[in-house]
Amino acid sequence: MGRRSRGTALAALALGGALTLAACNGDTGGGAAGPAPGTTPATSPAASAAPPGGPLPPAPAKATPKPTASTTATPAGKPKPPAPAPTCNHKMPISPDEIAVYRYTPEGGAHSLIVRHGNWGCPGPGGAAPFVTVGEETFISVNEDAKISALTPIVAGTVSKPITINELSEWLIAHPNKGLVFHYNVDHHGWIETLGQEEYTPAP
């Protein structure tokens, strides 16, 4: 037999042996051949990442942060608190032409009023401002012909009415220390020549 014929025969034998080996390793039911012993089947990255029993669960939703006190808005319709009232402040510590009258005295042979000086204070809860007195009691003489006007409680009514120094002195003797506030002017001697009762607000 020649060299070419011998090589062809050996190739045919090798091919027949391979086919026989493949038939012996297959399933009896004719299924596909399994992997060769000692080898590990290749897996895809997607299959290896999936957990046993099913696909991956969906990612949890992010929690919404709670608003802090600095970002909390004022409820709709809620009125804003009122602005604080301005602080009451006196421009003059003592009024130059107002006095609180407490009593009457005829000492020295003249009509004199015992008074205290002061100024109007800050309004109270009712809206009326008190006349706040300062210093000690002093006296001021009144002219016989001084123009005097008064209202309640010296006379009936809230409109000023002219009265005499005698009418005023009689009322002060019967009602001492009421502290009624009067606006006054003096002459060149320092005696009262006009005296008008202010709105009835007793001094403290």
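Couple of notes before you dig in:
- A simple spin-label model places pseudo-atoms 7 Å from Cα toward Cβ; at Asn177 and Thr158 they are separated by 2.9 nm.
- Surface composition of the range 135-188: carbon and sulfur atoms hold 53% of the protein heavy-atom accessible area at a 1.4 Å probe.
- Value of D in µm² per second that Stokes-Einstein yields for the range 91-204, Kirkwood Rh from Cα pairs, at 25 °C (0.890 mPa s): 172 µm²/s
- In this simple spin-label approximation, Asp97 and Thr138 carry label points 7 Å from Cα along the Cα→Cβ vector, and these lie 1.8 nm apart.
- Rounded to the nearest 10 Å², the accessible area of Lys161 at probe 1.4 Å: 90 Å²
- Over the C-alpha atoms of the range 117-184, the Rg to Rh ratio, Rh being the Kirkwood estimate, stands at 0.98.
The values are calculated or read from the model by the stated rules, or taken from the named source; none is laboratory data. Small disclaimer: the values here were computed from a predicted structure and weren't measured. Here Cβ is always computed from backbone atoms with ideal geometry, including for glycine, and neighbour counts include all displayed protein chains. Protein only, heavy atoms only, side chains kept; ligands, DNA and RNA dropped before computing areas. Shrake-Rupley method; radii C 1.70, N 1.55, O 1.52, S 1.80 Å.
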